[in-house]
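Data first, discussion second: the structure below is written as structure tokens.
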Amino acid sequence: MKIGYPCVNEAMDCSAANTFRLASYSEERLLTAVAANLACLRRLLEWNVAQGLLFFRIGSGIVPFGSHEINTFPWQMHFAADFRAIGDYIKTHSLRVSFHPDQFVVLNSPSPDIVRRSVQELTYQGSMLDLMGLDGTAKLQIHVGGLYGDRELAISRFAAVYATLPAAVKMRVVVENDDRLFPLRDCLRLHQLTGVPILFDNFHHECLNHGEPMAEALRLAAATWHPTADGVPMMDYSSQAPGERKGKHTNDLVDDLFRGFLAELHGLDTDLMLEIKNKEVSALRAVVMLRESGLSAP
């Protein structure tokens, strides 16, 4: 099992999300921001490897306005060597990486314009993984989208758009069960229609489910991943913040709850992303617990 955290390392003095306002767009600003973001990403990955954190969700903003019409600069060619070097580092150290596009990526929207921009964003983010030379085990994690008053129609509309995705994008897309609209059962229905793997979120399942016990839900989701094409199943882990609204993630890893979740796995191999507010702090503690239990990656 590999443990990870998303996007930002609060112990470091750099950001891999440098950007600027659309109104001040220029190629010079773009070049400066991308160079800084890639340099920081490399430092982040090196820090993670040194700490035994082998799973990382890369922030979506490596290339500011990467899918926007204003960005016509051939950044893929200009930064090809930089992306390739990062990809080589990832492969050399057996890291697992992913992207989680922003909430405006909605493949099942009734709006053709929203769908078009969503596909453009997925294509942009997938192209960065392509430039890194990474295979289909590096994923693009999205939600099913909106209900729009008709659950079955919303699911079938996602399936129809998914079928039109470029092959290089389709092989990377995974769908996460959410805490408000589309629980595991709906994601399993979508998998039946499309073959898309389900990235299981334990906390979302606790918030919204059809009574499936956690151990059963974990195995149902894991079974949607193809061992060769998709790799070890990815999962998200968190728990409820005490005293906060239902669905708010905790600020810190709750050790007893995390150990209880590990027990529910019953030996299931998975790479685990901790969606916890203090990020690398909790991830480091989780690695210690995994090593104590013999579950961590060597």
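Annotation: of all residues in the stretch 10-38 being of a type in the set (Asp, Glu) and assigned to a helix (DSSP H, G or I), the one that is least open to solvent (accessible area, probe 1.4 Å) is GLU27. For the stretch 266-294, taking the residues that are hydrophobic (A, V, I, L, M, F, W, C) and in a helix (DSSP H, G or I), the one that is modelled with the lowest pLDDT is identified as LEU290. Would you confirm whether any residue within the stretch 119-142 is surrounded by 14 or more Cβ atoms within 10 Å (Cβ to Cβ), without any contact (Cβ under 8 Å) to a residue 40 or more places away in the chain, part of a helix (DSSP H, G or I) and not small (Gly, Ala, Ser)? Yes, the stretch 119-142 contains a residue that is surrounded by 14 or more Cβ atoms within 10 Å (Cβ to Cβ), without any contact (Cβ under 8 Å) to a residue 40 or more places away in the chain, part of a helix (DSSP H, G or I) and not small (Gly, Ala, Ser).
Among the conditions (1) farther than 16 Å from TRP75 by Cα; (2) assigned to a loop (DSSP other than H, G, I, E, B), LEU41 misses just one, which is (2). Cβ-Cβ contacts under 6 Å between residues 6 or more apart (or on different chains), taken from a first residue in the stretch 57-69 that is without any contact (Cβ under 8 Å) to a residue 60 or more places away in the chain to a second residue that is of a type in the set (Asp, Glu), are listed as SER67/GLU121. Listed conditions (1) touching a helix residue (DSSP H, G or I) at 6+ places or on another chain (Cβ under 8 Å); (2) outside any helix (DSSP H, G or I); (3) closer than 23 Å to ARG117 by Cβ are all met by GLN76, apart from (2).
Open to solvent by 30 Å² or more (accessible area, probe 1.4 Å) and closer than 19 Å to ASN177 by Cα: does that describe ASP102? It is true that ASP102 is open to solvent by 30 Å² or more (accessible area, probe 1.4 Å) and closer than 19 Å to ASN177 by Cα.
Taken over the stretch 54-69, the criterion of being open to solvent by less than 10 Å² (accessible area, probe 1.4 Å), part of a loop (DSSP other than H, G, I, E, B) and within 16 Å of ALA138 (Cβ to Cβ) is satisfied by ILE62 alone.
Looking across the stretch 194-208, the residues that are open to solvent by 10 Å² or more (accessible area, probe 1.4 Å) and in a helix (DSSP H, G or I) come down to THR194, HIS204, GLU206, CYS207. Taking the criterion of being touching a residue at least 40 places away in the same chain (Cβ under 8 Å), assigned to a loop (DSSP other than H, G, I, E, B) and not polar (S, T, N, Q), the residues of the stretch 169-188 that qualify are MET171, ARG172, ASP179, ARG180.
The values are calculated or read from the model by the stated rules, or taken from the named source; none is laboratory data. Values in this document were obtained by computation on a predicted structure and should not be read as measured data. So basically every Cβ, Gly included, is an ideal-geometry build from the backbone, and we count neighbours across all protein chains shown. Just so you know, the surface numbers come from the protein's heavy atoms only, side chains and all, with ligands and any DNA or RNA stripped out. Shrake-Rupley method; radii C 1.70, N 1.55, O 1.52, S 1.80 Å.
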